Amino acid sequence: MVTVFGLGFVGLTTALGFAHMGHKVYGIDIDTERMETLRSGKIPFHEMYMEEELQKHIGKNIILENDIEAAVADSEYIYYCVGTPYGQNGSADLKYLFSAIDMTIDAIKDDKKRILVTKSTIPPLTTKEKIIPYVQNKGTVSKNISIANNPEFLREGHCWEDFINSDRVVCGCSDEYAAEKLRELYSSMDVPVFTVSLSTGEFIKYLSNTLLATLISYSNEMAEAADNFGDIDVATSFKILHMDRRWNDCDMTSYVYPGCGYGGYCLPKDTCAFYAQSTEKGFVPEILGKVIKTNESRTMVMVNKILQKLGDRNKVGVLGLSFKPNSDDVRDTPAARIIRELAKENVEITAYDPVAVGEFRKRYPDIKILFCNQAEDVCNANDVIVIATAWDEFKKIDFTGKDVIDCRYMLD
Ligand SMILES: NC(=O)c1ccc[n+]([C@@H]2O[C@H](COP(=O)([O-])OP(=O)(O)OC[C@H]3O[C@@H](n4cnc5c(N)ncnc54)[C@H](O)[C@@H]3O)[C@@H](O)[C@H]2O)c1
């Protein structure tokens, strides 16, 4: 039996994934609206396959529970999939994690052995230096608790496939009991399970995300250098680079490509959290620092291109709002950063996104935009068009007569 705290992208995928593997899962979220949506068989974001999986398992292998005591009483594994957003000075804010741990400890009324597993992304040494002492401070209840982490590597837009067809499972464990139980939990999956030290588990997640961010910032820096030389076709250059089979075989080309900077929930906050944690512990990761700065500067590189193209006109049409195609996630999306800067210059914005308009309105109520239902409406209303997300459907648009700033280098 597994209890999962937090039913967002990672938690809902984890809960459904475990249910699919035959485990009984209790799902808990403090967002009552989210719980209601899930109980009605709908998922609260745009993600393929998950609604079908929810409808298959709801009320059977997956129970959406308000009674935390009942869920915890029945569970040997307690998973934390809550947010770990930006905290002070870029560090990870752990308040949701500790609040979920508090909820768990308060609910424990017996002496059953349990494993508390953090799936949320947390910086190296967090479990050893913060979570374990925190739990030990709770008194005798801690005696029957093992602590572990199990970082998640899924990509938004592919949550379900990435979880079900994981290429590796990493478990940072405090003891052999936790390692054995976590191997058992994943035993029906045909996947290598690595049980490592707590801090190694945490580090492996950041090793992955900081490398992806580095590839993106490197590509953006090279694109800027190419623009500075002039007379260089940046998109073609990168597409030819991708033909090197060493890139193609590993399917990393989407990260080795310029754009308007990485965004979304993970790369921006995770690069900053790692930088902050490493610096605090006495080692300044210089390359990563530059990766972050390059990413921050990318907004103004794009905004300046747009303003230059605009001249004395003051209307821009923006195509794409989500941080990447096939997702409605607009957290830390480059589109919002660009639009905010344009608004400071009194530019009027019309925008369209195939799925993210609702989320954008909710998250950025202060940004004044006229939203359209179709890309064509944006094009009809504007001479200057900005492509901010590489949705495939934008490739089919006839941009004849328009000034297009293709921030994603997606058009031929
Ligand atoms: N989104 C991704 O692509 C991704 C990939 C890998 C890892 N991660 C990491 O996973 C974690 C979760 O990310 P996400 O994108 O799923 O976040 P999310 O915002 O989509 O979901 C977090 C959920 O936790 C709930 N929550 C907060 N406190 C709670 C509590 N005490 N009890 C129960 N529920 C609570 C929130 O209401 C929310 O629904 C983060 O640490 C993130 O860095 C995310």
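The values are calculated or read from the model by the stated rules, or taken from the named source; none is laboratory data. For clarity, every value in this text was computed on a predicted model and none was experimentally measured. No Cβ is skipped: glycine too gets one built from the backbone with ideal geometry, and neighbour counts run over all protein chains shown. Protein only, heavy atoms only, side chains kept; ligands, DNA and RNA dropped before computing areas. Shrake-Rupley method; radii C 1.70, N 1.55, O 1.52, S 1.80 Å.
Any residue at all in the range 79-88 that's modelled with pLDDT under 95 and more than 16 Å from the ligand (Cβ to nearest atom)? Yes - at least one qualifying residue is present in the range 79-88. Filtering ARG337, ARG298, ARG361, ARG331 for residues that are outside any helix (DSSP H, G or I), of a type in the set (Lys, Arg) and modelled with pLDDT of 95 or more leaves a single hit, ARG331.
The number of residues in the range 119-135 being touching a residue at least 40 places away in the same chain (Cβ under 8 Å) and more than 15 Å from the ligand (Cβ to nearest atom) comes to 3. Return yes when SER199 is in contact with a Phe, Trp or Tyr (Cβ under 6 Å, 6 or more places away or on another chain) and under 23 Å from ASP270 (Cβ atoms) and no when it is not. No, not satisfied. Of the residues making up the range 1-32, those that are among the hydrophobic types (A, V, I, L, M, F, W, C) and either open to solvent by 10 Å² or more (accessible area, probe 1.4 Å) or near the ligand (Cβ under 9 Å from one of its atoms) (or both) are MET1, VAL4, PHE5, LEU7, PHE9, VAL10, LEU12, MET21, ILE28, ILE30. The single condition from (1) more than 22 Å from PHE153 (Cα to Cα); (2) away from the ligand (no atom under 14 Å from the Cβ); (3) without any contact (Cβ under 8 Å) to a residue 40 or more places away in the chain that HIS57 fails is (3).
Taking the criterion of being assigned to a loop (DSSP other than H, G, I, E, B) and open to solvent by less than 50 Å² (accessible area, probe 1.4 Å), the residues of the range 301-323 that qualify are GLY320, LEU321, SER322, PHE323.
ALA178 passes every criterion in (1) open to solvent by 10 Å² or more (accessible area, probe 1.4 Å); (2) in contact with a strand residue (DSSP E or B) (Cβ under 7 Å, 6 or more places away or on another chain) apart from (1).
Look at the range 154-172: where a residue is assigned by TED's automatic domain parsing to the domain that holds LEU212 and without any contact (Cβ under 8 Å) to a residue 24 or more places away in the chain, no partner that is of a type in the set (D, E, K, R) and within 12 Å of the ligand (Cβ to nearest atom) sits 6+ places away or on another chain with Cβ atoms under 8 Å.
Scanning the range 228-279 for residues that are away from the ligand (no atom under 16 Å from the Cβ) and in contact with a Pro (Cβ under 9 Å, 6 or more places away or on another chain) gives VAL234, ALA235, PHE238, GLY259, CYS260, GLY261, SER278, THR279. Before we move on, is GLU161 farther than 27 Å from ASP67 by Cα and acidic (Asp, Glu)? Answer is yes for this residue. Yes or no: the range 300-308 includes at least one residue that is touching a residue at least 24 places away in the same chain (Cβ under 8 Å), assigned by TED's automatic domain parsing to the domain that holds LEU211 and under 25 Å from ALA273 (Cα atoms). Yes: the range 300-308 contains one or more residues that are touching a residue at least 24 places away in the same chain (Cβ under 8 Å), assigned by TED's automatic domain parsing to the domain that holds LEU211 and under 25 Å from ALA273 (Cα atoms). For the range 206-283, the helices (runs of 4 or more DSSP H) that sit wholly inside it and include 2 or more residues that are open to solvent by 40 Å² or more (accessible area, probe 1.4 Å) and at pLDDT 95 or above are 234-241, 267-280.
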